[in-house]
Amino acid sequence: MRGVAYVERLEAACEETGLAAIERAVAEGDLNRVVVAGCSPHLYADRFEALMARLNLPPRLLARANIREGAAWAHIADPAAATAVARGVLEMAVAGLRETPYHPFNPRPQETVARRVLVLGGGLAGMTAALTLADLGVECDLVEREPQLGGNLHDIHHTLEGLDTQTLLASLVERVRQAERVHVWTEAELVGWSGVRGNFAARIRVNDEVRSERYGALIVATGAEEATTTEYLYGQHPRVVTQRELERMIAGGRRQEAGGKMWASCFLPLDSCRSVVMIQCVGSRDETRPYCSRVCCAQAVKNALALKRLDPTIEVSILFRDVRTLGTQELYYRQARRAGVRFLRYEPPAKPVVEADGDRLRVTVHDTLYDETVTLEADLLALSTGIAPREDSNRALAAMVGVMLDEDGFFAEAHPKLRPTDLARPGIFLCGLAYGPRFVTESIAQARAAALRAALTVTRPGEPRRDVATVEADLCSFCGLCVAACPYGARVLDEEERVARVLDSLCQGCGVCVAVCPNGASRQPAFEPVQALALVDAALIE
Amino acid sequence: MDGWLEVHDSTEQTINRLLETLLTSGVVDGLLVPLRTPDGRNAVPTLVRDPALLERAAPLAPVLPVNGATVLGRITATGAPGRVGAVLRNCELRTAVELSKVQQVLLDDVLLIGMDCLGAYGVEDYARLVEEGLDAVTPALMAAREGGVEPLPGYAFRPACTMCERPIPGVGESYAPHIAIGLLGVPNDERLWVSLRDEELGEALGLEPAEEPAGRIEAVRALVAARTAERDRRFAAFHERVHDASSLLAEFATCILCQNCMRVCPICYCKECIFRTDVFDHPSARYWDWAARKGGVRLPSDTLLFHVTRMLHMAHACVGCGMCSDACPSGIPVADIFRTVGRAVQARFGYVPGRDPAEEMVIATFREDELRELGER
Amino acid sequence: MTDFEPRIVAFLCNWCTYTASDLAGTSRIQYPPNVRIIRLMCSGQLDPIYVAKAVLEGADGVLIGGCHPGDCHYQSGNYKARRRVAIIHQVLEQLGFDPDRVWLRWISASEGQYFADTVTEMVAALKEKGPSPFRRQWSV
């Protein structure tokens, strides 16, 4: 193969001995490009990157020919074919490398990083994230819009599994107040945001005063709220409540709580309730709110079991569409059935019908499992209204910090599988109900993950970036197609010089700007168009 | 606001006086308008600041030496120091709209002036007919009064013009300029049909408001129908000629890779074409590799790749001005090819080049809910 | 045409389809040896010129692999790739070249079997079609 000056067979190129052998061969032969034929480039990329750094060569001058996953294993039944493919793959690696220009490698300057994180939202997720950051040695500001910390956790008294969330709340608030590295700002609000990962500038309004701060990362934990409804006489009949209000009643929530948004019905003495009906999926899983709120089935089962514990003779009926008790929550569902909770399945458009019957209620439902219409007399009707995003404030915040909402109005993660706690803009992370409906334990886990991601962002020194796109200024026509194409806002037009610029810290190296640029003014150092065309040619060698 | 503009002396002089009014009254600070070259054999877009020069203005001269939108870019893209009135043919107007989407023309300070395009000749033909002492304008205006558009006997319009189904500014899927001057289907020796974007200008120009005459509507409809038929005939002829690899190679067999088509194409706005950069500056050994694989390699290499890449890059925005065909020294009907391909790409996305500056270019955007069948088994 | 072996140039996105091809390998899922893979970071990185080059240099087929809609590692690269492929199809078709030699497929990282099936299916389809008319064509 043209250009190949030296070949050595190694037992394992990725092991120390192999890497040392490559290092020696390059030094002795004064070589400037390396092909490693072996396993997939998805493996050990960091080792080869480090090797190139030691050799003082640009990392793009090392090519990986995937002859294991791509040849030997994929064609294991046909050794001759496997060999032919391996040869082809090797030809391509050599051809691509041959055409890769040897520019002296200029690592970009290191970025300076602000070692401080802003956590927006002082609920369960926000407090957990802040404490996790503090435990990791990272300073953070916890900004809460309300006068008190805790958010939705105030309204959750225990989980289905029996975790005492009020004790958890009290201890979280206490720990947050005590933590030296957590600075709490209540009745405060983010009003300005700019900058890039590692170096954001924020303006925060606290009591009519606007403070300016610098942060390396942001965690969005602004929560969501229990959805409200006008269906099923809610707001019209005192014996119609939401699941959350029922939970408060069960918890002995006769005490007046701060916020005071409670319905008069919450003070109904439960002992007057002999029959409780619950309706699931209220205002959910329909055209206006198509998603499932995930927690309501468990919440209904939780409250039904609690009622049965208070008094086993209380009749509880749950009118559901699908029971979605997740994982081992299924055990509690079975427990509820055993305790005598009745489950009746309805199917829209045949929704239950609720009528006032003096002080009481009459609920008529067509049970699709028995295919018959049932009328239930109820002293109390609890509606599972689900969780709704704080749409207006979400939209305002998303626009301010430059991230996206999903079609339901919650914040949209960068990738559902690969980057579930990242927002699309580097350095901004997400946890809790702002991301969508989830359980207490899930919020805690996600808050810790987000905190870890944020901590890594602000504690790692800024690394020289090798994957960012570049612009050949001589070729750039200032057309702006790359600006429109970049999903990260990493491209701007420099009006002065009439050239497109790359904001390094926002660039994720996807190459969309390269593909959209008609004349190759947009480049990716790791994948030059000459390489690509050479690869195509080599791919066609017979 | 639509209405009549009285013609005094000649049609062309009336238009020139209108231009002069714009310039002297300060509506614009300069005019981009074709002027007759001193020898009279050409009419070239000129940025005019002295009203005296408008004596030579030839807005009706049927010749298109360069796409005016390209030069409009030169005088606006980096910020014009004043407002320019640009007299453009409808294909040039479409081009200006497309170029504004890629920052090559700034329309902010442009007063667009369009008029019914009665067809244009190639530069050589136009020079020849002037040399022969022929007047191309008067007979064209006479024919237009009767609703017809015909070339002079013994001459032919540029092929792109014969298949141009959008010759009338603001009509159908054409962008409406600030001032549109109608010549077709109206007594253009007595009065001109003028459409304005804003009322105020109407008063300044002494416009007499009126309903669009039925005769004009009918003439425009007939012209568009005839042009569309010719366009479709040319599309069909292309497909008749080119239907497989060998006929495609035959279509470009005479290409000398001079790249003139790209240089004169207004939509090919790149500062430098990728085919003229380091990407195609191959090391010698590459040619030997190709020759080894294929038995031989045509040189210069990548002739067809050049044309196909150009189609991939700009066919979606091809406005059909036909500069490419004019510029081809080998007589390849480049415009026919690009219009045929462009039409298909544009139709796929419901995109109409030059319709609206706010319409996003095909390659500049996407929709999540489109093309769903693509990518699925 | 039984002895004709098509040659496919595949442009696969790093995160989904290339990983699927790796998975096919590690799972020893066998597929025909007719494909040569070029790894892109994202299907949205696919410059149409690469496809034109492959077609005109005589590739019998071009396979473009990306993440399923909504799953793009870079948010929307696959939607942009889809538009580009639609343009490529239109241009090729108008020029009398069978656009069905250029395939776009969404193949996620876990779909090793689907990757192998796709290659198998494509090789069979291309055998039906016969060699590319640009194979060993010196005069392009």
Query raised in the report: Would it be correct to say that B:Arg343 is under 29 Å from A:Val536 (Cα atoms) and within 11 Å of chain C (Cβ to nearest Cβ)?
Result: no
Query raised in the report: Quick one: which of B:Asp39, B:Asp109, B:Asp50 is acidic (Asp, Glu), touching a Lys or Arg at 6+ places or on another chain (Cβ under 9 Å) and without any contact (Cβ under 8 Å) to a residue 60 or more places away in the chain?
Result: B:Asp109
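Residues are listed down the side, and each one gets a yes or a no for (1) more than 18 Å from A:Pro352 (Cα to Cα); (2) modelled with pLDDT of 85 or more; (3) of a type in the set (Gly, Ala, Ser):
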| position | (1), (2), (3) |
| --- | --- |
| A:Ile204 | yes, yes, no |
| A:Asn207 | yes, yes, no |
| A:Glu213 | yes, yes, no |
| A:Thr222 | yes, yes, no |
| A:Glu226 | yes, yes, no |
| A:Glu231 | no, yes, no |
| A:Asp271 | yes, no, no |
Query raised in the report: Looking at A:Leu331, A:Leu344, which one is touching a strand residue (DSSP E or B) at 6+ places or on another chain (Cβ under 6 Å) and free of Cβ contacts under 8 Å to residues at least 40 places away in the same chain?
Result: A:Leu344
**Report entry** Answer from A:Arg68, A:Arg54, A:Arg115, A:Arg64 - the residue that is closer than 19 Å to A:Gly18 by Cα, touching a residue at least 12 places away in the same chain (Cβ under 8 Å) and away from chain C (no Cβ under 14 Å)
**Finding:** A:Arg54
Report task. Determine which member of the set B:Ala156, B:Ala180, B:Ala144, B:Ala204 is part of a helix (DSSP H, G or I), of a type in the set (Gly, Ala, Ser) and modelled with pLDDT of 95 or more. Result -> B:Ala144
Query - Checking A:Leu418 against (1) surrounded by fewer than 18 Cβ atoms within 10 Å (Cβ to Cβ); (2) touching a Ser or Thr at 6+ places or on another chain (Cβ under 6 Å), the condition it does not meet - result: (2)
Query - Top-ranked residue in region B:321-358 [being touching a residue at least 60 places away in the same chain (Cβ under 8 Å) and more than 23 Å from B:Pro65 (Cβ to Cβ); ranked as surrounded by the most Cβ atoms within 10 Å (Cβ to Cβ)] - result: B:Thr340
Report summary line: Taking region A:356-379 and keeping residues without any contact (Cβ under 8 Å) to a residue 24 or more places away in the chain and surrounded by 12 or more Cβ atoms within 10 Å (Cβ to Cβ) leaves A:Asp357, A:Arg362, A:Thr364, A:His366, A:Asp367, A:Thr368
Requested in this report: Please state which one of A:Leu430, A:Leu423, A:Leu456 is farther than 30 Å from A:Gln236 by Cα, of a type in the set (A, V, I, L, M) and at pLDDT 95 or above.
Outcome: A:Leu430
Query raised in the report: Among the residues of region A:380-434, which ones are touching an Asp or Glu at 6+ places or on another chain (Cβ under 7 Å), within 14 Å of chain C (Cβ to nearest Cβ) and without any contact (Cβ under 8 Å) to a residue 24 or more places away in the chain?
Result: A:Ala412, A:Glu413, A:Ala414, A:Arg419
Query raised in the report: Within region A:126-178, can you find the residues that are outside any helix (DSSP H, G or I), touching a Lys or Arg at 6+ places or on another chain (Cβ under 8 Å) and among the polar types (S, T, N, Q)?
Result: A:Thr159
Query raised in the report: Hey, any hits in region C:118-131 for a residue that's in contact with a Leu (Cβ under 6 Å, 6 or more places away or on another chain) and at the interface with chain A (Cβ under 10 Å from one of its Cβ atoms)?
Result: no
**Report entry** Candidate set: region A:486-542, residues that are under 29 Å from A:Met400 (Cβ atoms) and at the interface with another protein chain (Cβ under 7 Å from one of its Cβ atoms); chosen: the one farthest from the chain's Cα centre (by Cα)
**Finding:** A:Val516
Query raised in the report: Can you name the residue in region C:41-68 that is among the aliphatic types (A, V, I, L, M) and at the interface with another protein chain (Cβ under 7 Å from one of its Cβ atoms) and is also nearest to C:Ser132 (Cα to Cα) among such residues?
Result: C:Ala59
Query raised in the report: Among the helices (runs of 4 or more DSSP H) confined wholly to region B:291-377, which include 3 or more residues that are within 20 Å of B:Ala250 (Cβ to Cβ)?
Result: B:303-314, B:334-349
**Report entry** Matching residues in region A:71-104 - criterion: being within 22 Å of C:Asp22 (Cβ to Cβ), more than 9 Å from every other protein chain (Cβ to nearest Cβ) and either aromatic (Phe, Trp, Tyr) or in contact with a strand residue (DSSP E or B) (Cβ under 7 Å, 6 or more places away or on another chain) (or both)
**Finding:** A:Leu90, A:Ala93, A:Val94, A:Leu97
Requested in this report: Kindly provide the set of residues from region C:20-60 that are hydroxyl-bearing (Ser, Thr, Tyr), more than 11 Å from the chain's Cα centre (by Cα) and surrounded by 24 or more Cβ atoms within 10 Å (Cβ to Cβ), ordered by number.
Outcome: C:Ser21
Query raised in the report: Which one of these does A:Arg47 not meet: (1) within 33 Å of the chain's Cα centre (by Cα); (2) of a type outside the set (Asp, Glu); (3) within 14 Å of chain C (Cβ to nearest Cβ)?
Result: (3)
Requested in this report: List the number of the failed condition for B:Arg263; all other conditions in (1) within 14 Å of chain C (Cβ to nearest Cβ); (2) part of a helix (DSSP H, G or I); (3) touching a residue at least 40 places away in the same chain (Cβ under 8 Å) hold.
Outcome: (1)
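So that you can scan it fast, the table gives a plain yes or no per residue for (1) over 20 Å from A:Thr229 (Cβ atoms); (2) at pLDDT 95 or above:
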site	(1), (2)
A:Arg309	yes, no
A:Ile314	yes, no
A:Ser317	no, yes
A:Gly327	yes, no
A:Asp357	yes, no
A:Thr368	yes, no
A:Glu372	yes, no
A:Asp392	no, no
Query raised in the report: Within region A:161-182, is there a residue that is in contact (Cβ under 8 Å) with a residue 60 or more places away in the chain and within 25 Å of A:Glu391 (Cα to Cα)?
Result: no
Query - Those residues of region B:230-239 which are surrounded by fewer than 19 Cβ atoms within 10 Å (Cβ to Cβ) and within 11 Å of another protein chain (Cβ to nearest Cβ), in sequence order - result: B:Phe235, B:His239
**Report entry** helices (runs of 4 or more DSSP H) enclosed by region A:1-114 - at least 2 residues per element that are among the acidic types (Asp, Glu) and surrounded by fewer than 16 Cβ atoms within 10 Å (Cβ to Cβ)
**Finding:** A:16-29, A:45-54
Query raised in the report: If you check A:Arg54 against the conditions, is it over 37 Å from the mean Cα position of the chain (by Cα), among the basic types (Lys, Arg) and farther than 25 Å from C:Trp15 by Cβ?
Result: no
Report summary line: Within region B:282-323, the count of residues that are within 7 Å of chain C (Cβ to nearest Cβ) and not charged (D, E, K, R) comes to 12
Query raised in the report: Among A:Ala484, A:Ala490, which is the only one that is in contact with a strand residue (DSSP E or B) (Cβ under 7 Å, 6 or more places away or on another chain) and either surrounded by fewer than 21 Cβ atoms within 10 Å (Cβ to Cβ) or at pLDDT below 95 (or both)?
Result: A:Ala490
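The values are calculated or read from the model by the stated rules, or taken from the named source; none is laboratory data. Keep in mind that this is a model prediction, so the values were computed, not measured. Note: ideal-geometry Cβ built from the backbone for every residue, glycine included; neighbour counts use all protein chains shown.
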